[in-house]
Structure formats: structure tokens, C-alpha cells
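Trainee: I'd like to ask some things about the structure below.
The values are calculated or read from the model by the stated rules, or taken from the named source; none is laboratory data. Keep in mind that this is a model prediction, so the values were computed, not measured. When we count neighbours, we look across all protein chains shown, and the Cβ atoms used for this are built from the backbone with ideal geometry, even at glycine.
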Amino acid sequence: MKDQKEYWENSILDWEDISYGTAEAKPVSLVERVAHYFRGPVRHRPVVALEIVKKVKPARVLELGCGSGRLAFALVKEAGVSHVTGVDISGPAIQFANERAKSLGMSDKLNFIASSVGDLDIAAQRPFDFVLGMGLTPYLREDEFTRLFQSIQGSSFLFDVHPKGASFQNFSHAVYRSIKGHPFYNRFSKAEILDKLAKLGFPNVTWNESQGVYYITNVK
Ligand SMILES: C[S@@+](CC[C@H](N)C(=O)[O-])C[C@H]1O[C@@H](n2cnc3c(N)ncnc32)[C@H](O)[C@@H]1O
């Protein structure tokens, strides 16, 4: 079984193409072709994020698990964010994002760092007004999750979460991960997440759902 970095290192760029593009766009396996049709919530995540960011209007955003920066670029171009620092465990995705920012003349607004959330010096990334992570929380170890929330005390945030439960979506995703040799993936119940966050000093977190995207935020 690969570790999280080995898994994502080279797979995230293809994962993005398959998830956000059309399943027919490039030759992909039958597994990926089928997976594409279950990723409606994945494609809805940026819609949720942009809507909330447009409402909160943060100047500086820290985006964790940013992949190749699709959402980060949209935050600057469409939501009026003045600076995004994106962080991802995949070196190739970060290289792609930094090269894109440079080629678009946006390096003063977008900066991408290759690091796991667990190794990131979050304090060194301040100032930021908003912390965002879409499709990230299930891949964090318990200690990484705890350290992350301890490090962003006092900040506004938005993360999507992947709840526990017997559903066709969860079953098919488990089959997909097993075929792909994916490392650990944590699901939590609503009560577990809210209890964990309350103990970490975030008593006013809300749990929300939009078109299959479950997310937690401390903004009203
Ligand atoms: C499911 S993808 C989501 C990518 C993007 N946020 C999106 O919604 O399209 C998960 C992303 O999290 C990154 N990732 C996984 N574990 C990580 C960790 N511990 N630290 C930083 N990034 C991580 C992966 O490399 C990948 O880019």
C-alpha cells in the first residue's frame, strides 16, 4: 500500500482532468470512466467554496490540498481575493500551479508550496484571513487534523467532510480506493467532527450540505 504522498504525487493531475473534464477527454481506464460519473459532488465543491468566499470577502486565503490550483486561480479571478497561498503534498501539482501563475503574470497573487499539511509551518503562512480545504480532510491523519485546527485558531475556515454511513456512494468509493491501492481515508460522523472541533476550541462550527457536498465552517 502506498503512503498518501506516493499516492497523490503523480495521480492528482490525472484525477483533476478526469474529475473536472469529461470522462472521454483522454484514454482512461474503465474504473476512472465510471468514477467520473460519481463525482458530481467533487465538481460542486468549487461552487460552494466560491459562494462562501464571495460572501466573506477575505483578502488572503490559505488553501490546503489545493492540487494544481484550479480553485486558487478562481478565488483570485472570480472572488476578488488578493492573495492565495496554496499547499499540496504533490510536488508535480505544485510545480504546475507555480508555472501557471508565472505564465499568467499572477505570481504576486498566487504562491504554491509543496508540503503535507502535517509538515507545514502554518504560523509562517500568516497573515491569512481564511483557510480552505476541499477534498482534504479524509486524507489527514488524526494528529494532522488536530494540529491543523490548533494552528488556525482565530481564523475563519471552510472544509468539506466525508461523513460515515451506509450509502451506495461510500460503498463505491471504498471499492474504488481498494482497486487503486489508496492509503488511509477517514470518515467521521457529524457528532464526532463537531465534538472534536469543540474540544479544539471551535464551539460555533456549523455542518452543512449542498448537492452532496458536506462542509464545516465557522462563518455565518
Ligand atoms: C481529492 S484531491 C482534491 C483536490 C482539490 N482540492 C479539489 O477539490 O479538486 C485531494 C488533494 O489533497 C492533497 N493531499 C492529500 N493529503 C494531503 C496532505 N496530508 N497534505 C497536503 N495535501 C494533501 C492531494 O495531493 C490532492 O491534491
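Trainee: Go through the range 62-106 residue by residue and tally those that are within 28 Å of D3 (Cα to Cα) and in a strand (DSSP E or B).
Mentor: The total comes to 8.
Trainee: Could you list, ordered by first residue, the pairs with Cβ atoms under 8 Å in which the first is in the range 173-188 and more than 16 Å from S19 (Cβ to Cβ) and the second is of a type in the set (A, V, I, L, M) and modelled with pLDDT of 90 or more, at least 6 apart or interchain?
Mentor: What qualifies is N186/L140; F188/V161.
Residue-by-condition table, conditions (1) surrounded by 15 or more Cβ atoms within 10 Å (Cβ to Cβ); (2) among the aromatic types (F, W, Y); (3) in contact with a Lys or Arg (Cβ under 7 Å, 6 or more places away or on another chain):
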{"residue": "Q153", "(1), (2), (3)": "no, no, no"}
{"residue": "H162", "(1), (2), (3)": "yes, no, yes"}
{"residue": "H173", "(1), (2), (3)": "yes, no, no"}
{"residue": "H182", "(1), (2), (3)": "yes, no, no"}
{"residue": "S189", "(1), (2), (3)": "no, no, yes"}
{"residue": "I193", "(1), (2), (3)": "yes, no, no"}
{"residue": "K196", "(1), (2), (3)": "yes, no, no"}
{"residue": "P203", "(1), (2), (3)": "no, no, no"}
{"residue": "T217", "(1), (2), (3)": "yes, no, no"}
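Trainee: A further question follows. Can you confirm whether the range 87-108 contains a residue that is closer than 22 Å to F149 by Cα, surrounded by 20 or more Cβ atoms within 10 Å (Cβ to Cβ), aliphatic (A, V, I, L, M) and within 15 Å of the ligand (Cβ to nearest atom)?
Mentor: yes
Trainee: Next question. What are the pairs with Cβ atoms under 6 angstrom where one residue, in the range 89-104, is within 22 Å of L140 (Cα to Cα) and the other, located anywhere, is assigned to a helix (DSSP H, G or I) and aromatic (F, W, Y)? Sequence gap at least six, or different chains.
Mentor: Taking only residues 6 or more apart or on different chains, the pairs are I89/W8; S90/W8.
Trainee: Then there is this: Looking at (1) within 16 Å of the ligand (Cβ to nearest atom); (2) without any contact (Cβ under 8 Å) to a residue 40 or more places away in the chain; (3) charged (D, E, K, R), find the lone condition where R70 falls short.
Mentor: The single condition R70 does not satisfy is (2).
Every residue, every condition in (1) basic (K, R); (2) within 30 Å of K199 (Cα to Cα); (3) out of contact with any helix residue (DSSP H, G or I) (no Cβ under 6 Å at 6 or more places or on another chain), yes or no:
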position: I89; (1), (2), (3): no, yes, no
position: N98; (1), (2), (3): no, no, yes
position: Q125; (1), (2), (3): no, yes, yes
position: L136; (1), (2), (3): no, yes, yes
position: R141; (1), (2), (3): yes, yes, yes
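Trainee: Of all residues in the range 117-138 being over 19 Å from V213 (Cα atoms) and of a type in the set (A, V, I, L, M, F, W, C), which is nearest to the ligand (Cβ to nearest atom)?
Mentor: V117
Trainee: Here is a follow-up. Working carefully through the options Y214, Y185, find the one that is in contact with an Asp or Glu (Cβ under 9 Å, 6 or more places away or on another chain), closer than 26 Å to Y7 by Cβ and among the hydroxyl-bearing types (S, T, Y).
Mentor: After ruling out the rest, the residue left standing is Y214.
Trainee: Ok, one more. Within the set of pairs 6+ apart or on separate chains, which have a first residue in the range 45-56 that is crowded, with 17+ Cβ neighbours inside 10 Å, a second that is acidic (D, E), and C-beta atoms under 7 Å apart?
Mentor: Correct list of pairs: R45/D160.
Trainee: Is it the case that some residue within the range 71-82 is out of contact with any helix residue (DSSP H, G or I) (no Cβ under 7 Å at 6 or more places or on another chain) and of a type in the set (V, I, T)?
Mentor: Yes; the residues of the range 71-82 include at least one that is out of contact with any helix residue (DSSP H, G or I) (no Cβ under 7 Å at 6 or more places or on another chain) and of a type in the set (V, I, T).
Trainee: Can I ask one more? If the Cβ limit is 8 Å and pairs must be 6+ apart or interchain, which residue in the range 1-19 that is over 25 Å from G40 (Cβ atoms) pairs with which residue that is within 8 Å of the ligand (Cβ to nearest atom)?
Mentor: Matching pairs, first to second residue: K5/I89; K5/S90; K5/S116; E9/I89; E9/S90; N10/S90.
Trainee: Report yes if A35 is closer than 22 Å to S116 by Cα and assigned to a helix (DSSP H, G or I), otherwise no.
Mentor: no
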